[in-house]
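Before any comments, here is the structure.
The values are calculated or read from the model by the stated rules, or taken from the named source; none is laboratory data. Since the structure is predicted, the reported quantities are computational estimates derived from the model, not experimental observations. FYI the Cβ positions are ideal-geometry reconstructions off the backbone, even for glycines, and counts take in every protein chain you see. In case anyone asks, the SASA skips ligands and DNA or RNA and just uses the protein heavy atoms, side chains included. Shrake-Rupley method; radii C 1.70, N 1.55, O 1.52, S 1.80 Å.
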Amino acid sequence: MTTTLITGANKGLGFETARRLVAAGHTVYLGSRDAERGLRAAERLGARAIQLDVTDDASVRAAAKAVEADGGLDVLINNAGVQEEMRDDGVVVIGAAELTADVMRRTFETNVFGMVRVLHAFLPLLGRSAAPVVVNVSSGLGSLSLVAAPETPTYAYPGVAYPASKAAVNMVTVQYAKAFPKMRINAVEPGFTATDLNAHTGFQSVEQGAEIIVRMAQVGADGPTGGSFDAKGTLPW
Ligand code: NAP
């Protein structure tokens, strides 16, 4: 039996990933910073709700303790994320001219420091799994090669904080993958998906977006590690 934790899984891509992995037979811990929302979402799926705010040390520590006491963890999906530079109608309103250190800090607090906080707390549990897997939900906007290439759709994106945070997620992925060669640790780009994150302006459904997250969560011990993937294959850093 595979046990999987997904952060920020009360809605959006995380929720859809939880649904798919429950269907695939995983025991799924559905992480949610709001306990009530988590409980409601978990009940709909037959998952286990776990309160987990990635910006809160005590919350993450308590979640790791609870999962450990229940038997441990095989798969960690770092999915929780924010994109503060995007307004409620999907327009990016904080570009280079408007960016403040506070916006940058808040974005990194969830997308980067939150991810590291969760990794630090759960790595000892993953280390005891026979086939440990980590999926870091990144973005094509975190690819320096794509954002700098005028022929790609990502080139036109004016925000700074979110792409920078996802570039950091990519580096975290590469360095952890080298440090823990027995684990499969990869970054994934779900593609532009209609969720609350972008006021549902994304082109894809959550079913399409979750595809690569679900696939990399199920990668075997002989699968890739330290890479960046979308549904079509490998992405450039
Ligand atoms: P979403 O529907 O807004 O879901 C984001 C999830 O993260 C929510 O459950 C949210 O919880 C949670 N979250 C935010 N801050 C948190 C914190 N401090 N602790 C724990 N959970 C927290 O967005 P989504 O599109 O599914 O995003 C999921 C991931 O995919 C993100 O990492 C995002 O950057 C990435 N991504 C999305 C797209 C896209 O087009 N949608 C493209 C590329 C990458 P609340 O409900 O409590 O706010």
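Numerical summary
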{"quantity": "Qualifying residues in the stretch 226-235 (those that are part of a loop (DSSP other than H, G, I, E, B) and either touching a Cys at 6+ places or on another chain (Cβ under 7 Å) or hydrophobic (A, V, I, L, M, F, W, C) (or both)) - the one surrounded by the fewest Cβ atoms within 10 Å (Cβ to Cβ)", "calculated": "ALA231"}
{"quantity": "Unique residue being more than 20 Å from ASP70 (Cβ to Cβ) and either near the ligand (Cβ under 10 Å from one of its atoms) or crowded, with 19+ Cβ neighbours inside 10 Å (or both) when the list is ARG20, ARG40", "calculated": "ARG20"}
{"quantity": "Sole residue being within 15 Å of the ligand (Cβ to nearest atom) and of a type in the set (A, V, I, L, M, F, W, C), chosen from LEU73, LEU125, LEU99, LEU119", "calculated": "LEU119"}
{"quantity": "Residues that are touching a helix residue (DSSP H, G or I) at 6+ places or on another chain (Cβ under 7 Å) and open to solvent by 10 Å² or more (accessible area, probe 1.4 Å), drawn from the stretch 138-163", "calculated": "SER139, LEU141, LEU144, LEU146, VAL147, ALA149, THR152, THR154, TYR155, TYR157, TYR162, PRO163"}
{"quantity": "Selection count, the stretch 23-37, where residues are within 9 Å of the ligand (Cβ to nearest atom) and either surrounded by 21 or more Cβ atoms within 10 Å (Cβ to Cβ) or more than 25 Å from VAL116 (Cβ to Cβ) (or both)", "calculated": "2"}
{"quantity": "All positions within the stretch 183-237 that are among the hydroxyl-bearing types (Ser, Thr, Tyr) and within 21 Å of ALA9 (Cβ to Cβ)", "calculated": "THR193, THR195, SER205"}
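For every residue, the table says whether it meets (1) more than 20 Å from MET115 (Cα to Cα); (2) in a helix (DSSP H, G or I).
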residue: TYR162; (1), (2): no, yes
residue: GLN208; (1), (2): yes, yes
residue: MET216; (1), (2): no, yes
residue: PRO224; (1), (2): yes, no
